[in-house]
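Okay, structure first, notes after.
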Amino acid sequence: MLTRIDHIGIACFDLDKTVEFYRSTYGFEVFHSEVNEEQGVREAMLKINETSDGGASYLQLLEPTREDSTVAKWLAKNGEGVHHIAFGTADVDAEAADIKEKGVRVLYEEPRRGSMGSRITFLHPKDCHGVLTELVTSAPVESSEH
Ligand code: CMX
Ligand code: CO
């Protein structure tokens, strides 16, 4: 089951300037930032709200780290804007297998590492009415009890 919008991915040329726009215009602060070399992005996650399944919803601001990355290629063609949407699920492997059965291309054989230790995969935009769609299972929340 897909239980929330985990994030909306937004491609930008300059991460610092885009972060500052979201901070000064809306008051959204950076919750987490990292470089994901495999995906070729430097990213900032802005937490928008907690969700009823114990997860959260974010904006994911993405700046390419190399010319041959998917986001660099997309920016060169389209300019800045919404790049993908991501749905949250407790079981990305099962969701990907179910959706694949329905004839939608799943881009990875096995989920890969996403933001904050999550596991992610993507569905081909041409099979999803033009929307690049990501499926995410968040990393388990570490218990604060010792
Ligand atoms: N949204 C909608 N359509 C898209 C798209 C996007 N983000 N990216 C590409 N497309 C469309 C293109 O417009 C093109 O359509 P036309 O043939 O009609 O022109 C078609 O898909 C093929 O595009 P392409 O530019 O030739 O790009 P590729 O096929 O090389 O790559 C894709 C497309 C989806 C396979 C690739 O972007 C991919 O593997 N994406 C998943 C990984 C990713 O996006 N990582 C960055 C984010 C990381 C994160 O969220 O953590
Ligand atoms: Co994403």
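The values are calculated or read from the model by the stated rules, or taken from the named source; none is laboratory data. Model, not experiment: these values are computed from the prediction. Glycine gets a Cβ as well: all are built from the backbone with ideal geometry, and neighbour counts include every protein chain shown. The accessibility values were calculated without ligands, DNA or RNA, using every heavy atom of the protein model including side chains. Shrake-Rupley method; radii C 1.70, N 1.55, O 1.52, S 1.80 Å.
Take residue 52 and decide whether it is closer than 21 Å to residue 91 by Cα, outside any helix (DSSP H, G or I), of a type in the set (Ser, Thr, Tyr) and within 13 Å of ligand 2 (Cβ to nearest atom). Spell out the reasoning first.
On the way: closer than 21 Å to residue 91 by Cα: yes; outside any helix (DSSP H, G or I): yes; of a type in the set (Ser, Thr, Tyr): yes; within 13 Å of ligand 2 (Cβ to nearest atom): no.
Here the answer is no, as residue 52 does not meet what is asked.
Only one entry of 103, 114 meets the criterion of being at pLDDT 95 or above and open to solvent by less than 40 Å² (accessible area, probe 1.4 Å), and that entry is 114. Is it the case, given these coordinates, that residue 85 is within 15 Å of ligand 1 (Cβ to nearest atom) and closer than 18 Å to residue 137 by Cα? Spelling it out, residue 85 is indeed within 15 Å of ligand 1 (Cβ to nearest atom) and closer than 18 Å to residue 137 by Cα.
In the range 101-132, the qualifying residues are those that are in a helix (DSSP H, G or I) and of a type outside the set (A, V, I, L, M), and the one that is farthest from ligand 2 (Cβ to nearest atom) is 101.
Looking only at the range 1-16, which residues are in a loop (DSSP other than H, G, I, E, B) and not hydrophobic (A, V, I, L, M, F, W, C)? Full working, then the answer.
Pass one, the range 1-16, residues in a loop (DSSP other than H, G, I, E, B): 1, 12-14.
Once the filter is applied, which keeps residues that are in a loop (DSSP other than H, G, I, E, B) and not hydrophobic (A, V, I, L, M, F, W, C), the range 1-16 yields only 14.
Would you check if residue 135 is at pLDDT 95 or above, within 14 Å of ligand 2 (Cβ to nearest atom) and more than 25 Å from residue 47 (Cα to Cα)? For residue 135, the condition - at pLDDT 95 or above, within 14 Å of ligand 2 (Cβ to nearest atom) and more than 25 Å from residue 47 (Cα to Cα) - is not met.
With the requirement that a residue be part of a strand (DSSP E or B) and aliphatic (A, V, I, L, M), what does the range 74-100 give you? Spell out how you get there, then give the answer.
Within the range 74-100, the subset part of a strand (DSSP E or B) is 81-89.
Result: 82, 85, 86.
Here the range 55-73 is the region considered, the condition is being away from ligand 2 (no atom under 11 Å from the Cβ) and under 20 Å from residue 5 (Cβ atoms), and the residue that is surrounded by the most Cβ atoms within 10 Å (Cβ to Cβ) is 55. Is one or more of the residues making up the range 52-60 touching a residue at least 60 places away in the same chain (Cβ under 8 Å) and on the phi > 0 side of the Ramachandran plot? Yes: one or more hits.
With respect to (1) assigned to a loop (DSSP other than H, G, I, E, B); (2) surrounded by fewer than 14 Cβ atoms within 10 Å (Cβ to Cβ); (3) touching a strand residue (DSSP E or B) at 6+ places or on another chain (Cβ under 9 Å); (4) not basic (Lys, Arg), the lone exception for residue 35 is condition (1).
Any residue at all in the range 37-44 that's under 18 Å from residue 128 (Cα atoms), away from ligand 2 (no atom under 12 Å from the Cβ) and among the small types (Gly, Ala, Ser)? Give the steps one after another, and end with the answer.
Of the residues in the range 37-44, the ones under 18 Å from residue 128 (Cα atoms) are none.
No, because not a single residue in the range 37-44 is under 18 Å from residue 128 (Cα atoms), away from ligand 2 (no atom under 12 Å from the Cβ) and among the small types (Gly, Ala, Ser).
For residue 94, the test of being hydrophobic (A, V, I, L, M, F, W, C), without any contact (Cβ under 8 Å) to a residue 24 or more places away in the chain and open to solvent by 80 Å² or more (accessible area, probe 1.4 Å) is failed.
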